[in-house]
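Colleague: Quick one: structure below, then a few questions.
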Amino acid sequence: MKPLMFFGLASCLALLVAFAAQTPDSEYEAVAEEYIRGYFAARPLQGTSIGLHEYDGKITDYSRLALDAELSRLRRFDDRLKKFEADKLSPRQSIDLRILQSAIKKELFQMQEMSIFERNPMVYARAADVNVYIKRNFAPLDDRVRSIVAIEAQVPNILIAARTNLADVLPRPYVELAIQIARGAADFLRKDLVQAIADLKDERTRTELQDSNRKAAAALTDYAAWLEREKLPKATPEFALGPEKFQRFLADTELVNLAPEQILEIGLAQLKQEQAAFAEAAKKIDPDKPAPEVFKQIQSEHPKADNLLNDIGRDLDQIRKFVVSHHLVTIPSEVRPRVKETPQYRRATSFASMDTPGPFERRATEAYYYVTPAEKDWPEPQKEQWLTAFNYYTADVVSIHEVYPGHYVQFQRLNASPASKVEKIFGSYAFIEGWAHYCEKMMVDQGYAGAPPPTPTPTPKPSGTAGSSPAKAPKPKPTPQATATPDGEKRVAKYRMAQEDEAMLRLCRLCVAIKMHTQNMTIDEATKFFQDNCYYEEKPARQEAMRGTFDPGYLNYTLGKLQILKLRDDYKAQEGANFSIQKFHNELLNHGMPPIRLLREIMLKDKSKWDAVL
């Protein structure tokens, strides 16, 4: 009996040990891992995009049955996570839990409150975006094309599901945009995709792609025609969320509890301040002209078409040196992004963009800073107009936003940090875009003013000839700090105008998002708001207004920037003489991409200040 008794005792001890091992942290981690697996099973293209290649060749099931199942799954996990008490978890997992809860609430809001699968036909027009298989060489081309074939084979089924799922009456701006997107996607498949895989060697795979590509493009073209024929005539101008839903959107996704009208009041006041700073900078350049005219004059100072990428790359290196020499943030790697022309298939929607690999990508780890040049076959006036957007000052501000110390450094810090899987996957819109937008102001405030634009080098006279003078060494270019001259002061003012121009645009987005979704502002009124307040021409102003109808979160560029500025002030008061802007930025970027409200808990010791969002 003794051996039997011993075995029974050992079994009991083992059970006790196993039970003891089930701490709140480990229970939470198991639930989080289970949620993540289901999340990517339902969104495999996102899995591929972040470097999880077990999802390659798969696409979301948009059938009513599958969408209902995913909604049930989200509700189930929302309930399961409510059972965890934040104060019973470790500090790290307490934050992790709330990041995951916020991510789930965002998905639930989109499905339940925004009814994206019933009201937004753009969802289906974009469903088969296979760009990730072209832009990143994470597998041999043949394998990636086979994944594209598998995805394209499902496009007709997705668009059949769209006809079943979409409501009878849809918001008119959504229908108009979906028609454009569907036709653009069909054109992309017929032309740009074929060009992008020109090096494909396997003839059987090429034949399969031709067949799947033709059917997918035809399905998208038919979908656009169906929307135009069946949905556009009876579409409604109504698209707004309404005040209650908008406030819940901010609270659920960004943990911001301010009422929309309070945020709008802050935004309108801030917009006036930025407009005044824009006008003040303009006076330093030309006191006799209105500020918008001065800015148009500045835009004429731009690289030649043939020099665009070289000039962007040169200035990018200068920006990086400024960040390092001024100890603004620790850049954890010497690996630089490659400055390249935007691929043809992305030029219709991209001016300049940062393309970083996903946080779990282990093969195609290159990062690209894409810049869209003027097309060689454009007439000269069109080229000139395009290049004004790349004037030396705005181009640097965009590079600050996209690369140093904006999105690229954000990506590098995330990869180098001990962030959890949840922290690396789920990000706050306000933190991601708010950081990059904050960097624009922070860099100019810290004294960044570039270097004088390059001047044509005169052809030297041959040495040794009559009348020639000894060759002189070229004068060194002034450093970015050499601004004590009138020309230097004007250059500082030009950078300030470029930075303020970006700030006014983002503030207009904030004001328009709230006005359209809570105060019945129309698209025409929103268009005029952009024209009047950030001095946009009618066409780009209308594009901005249209975006606000389906992306109410585009207020987060400014909202996130203001939250970071408020956190910096509070952190500086806390640290006193020990404050360092580099330390602040490093700490800010060490915890993934959480809602900024959670960063206040991490970085501020005084609990009474945690809720002070703005």
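Colleague: Ranked highest first by average number of other Cβ atoms within 10 Å, how do 358-371, 422-435 line up? Each step should come with its number before you reach the end.
Modeller: Values: 358-371: 17.8, 422-435: 22.9.
Highest mean packing first, the order is 422-435, 358-371.
Colleague: Going by the alpha-carbon gyration tensor, a ≥ b ≥ c the square roots of its eigenvalues, is segment 218-300 rounded (a/c under 1.5) or, if a/c is not under 1.5, prolate (a/b greater than b/c) versus oblate?
Modeller: On the way: a/c = 3.49, a/b = 1.48, b/c = 2.36.
Because a/c hits 1.5 or more and a/b fails to exceed b/c, segment 218-300 counts as oblate.
Colleague: To continue, here is another question. Calculate the FRET efficiency for Ala451 and Glu265 from the Cβ-Cβ distance with a Förster distance of 30 Å, rounded to the nearest 0.05.
Modeller: 0.15
Colleague: Still on this model: Taking 4 °C and 1.567 mPa s as the conditions, I'd like the Stokes-Einstein D for segment 149-201 in µm²/s, using the Kirkwood hydrodynamic radius from alpha carbon pairs.
Modeller: Stokes-Einstein gives a translational diffusion coefficient of 98 µm²/s.
Colleague: Then there's this: Quick one: net charge of Leu45's neighbours, Cβ under 11 Å, K/R +1, D/E -1?
Modeller: Every neighbour counted, the sum reads +1.
Colleague: So in the chain, what percent of DSSP beta bridges are antiparallel if you round to the nearest 5?
Modeller: Close to 45 percent.
Colleague: Here's something else I'd like to know. Does segment 240-356 come out rounded, prolate or oblate, given a ≥ b ≥ c as the square roots of the eigenvalues of its C-alpha gyration tensor, rounded meaning a/c under 1.5 and, failing that, prolate meaning a/b above b/c?
Modeller: Taking the square roots of the gyration eigenvalues as a ≥ b ≥ c, segment 240-356 is oblate.
Colleague: Select one label from (1) 1.01; (2) 1.07; (3) 1.12: the one whose number is Cα Rg over 2.2 N^0.38 Å as derived from the coordinates shown.
Modeller: Checked against the structure: label (2).
Colleague: Okay, next question. Hey, what did the chain get for relative contact order, percent, Cα under 8 Å, at least 6 apart?
Modeller: On the way: 768 pairs, mean separation 93.1, N = 614.
In percent, rounded to a whole number, it is 15.
Colleague: In nm, what is the difference between 0.36 nm times the number of residues separating Thr522 and Asp288 and their Cα-Cα distance?
Modeller: 80.7 nm
Colleague: Please report the base-10 log of the normalised intensity I(q)/I(0) for segment 55-194, using a Debye sum with one equal scatterer per alpha carbon and no solvent, at each q in 0.16, 0.20 (1/Å).
Modeller: Log-scaled intensity ratios, in q order: -0.97, -1.17.
Colleague: Just rank Ser399, Ser102, Ser350, fewest to most, by other beta-carbon atoms within 10 angstrom.
Modeller: Sorted ascending by nearby Cβ count, the order is Ser350, Ser102, Ser399.
Colleague: Work out, step by step, the length gained on full extension between Glu230 and Lys245: first 0.36 nm times the residue separation, then minus their alpha carbon distance; give nm to one decimal.
Modeller: 2.5 nm is the gain from fully extending Glu230 to Lys245.
Colleague: By its C-alpha gyration tensor, with a ≥ b ≥ c as the square roots of the eigenvalues, how is segment 168-263 shaped: rounded for a/c under 1.5, else prolate for a/b larger than b/c, else oblate?
Modeller: Details: a/c = 4.35, a/b = 1.93, b/c = 2.26.
It comes out oblate by the Cα gyration axes.
Colleague: Quick one: if you stick a label point 7 Å off each Cα along the C-beta vector at Ser333 and Arg314, how many nm between them?
Modeller: 2.8 nm
Colleague: Further question: How much length, in nm to one decimal, is gained on full extension between Ala389 and Ala612, taken as 0.36 nm per residue of separation minus their Cα-Cα distance?
Modeller: Taking 0.36 nm per residue and subtracting the Cα distance, the gain is 76.6 nm.
Colleague: In whole percent, what relative contact order does segment 22-113 give with Cα contacts below 8 Å and a gap of six or more residues?
Modeller: Contact order relative to length: 29 percent.
Computed from the coordinates by the stated procedures, all read-outs in this text should not be read as laboratory data. Nothing here was measured: the structure is a model prediction, and the numbers come from that model. For neighbour counting, all protein chains shown are included, and Cβ atoms are generated from backbone atoms with ideal geometry for every residue, glycine included.
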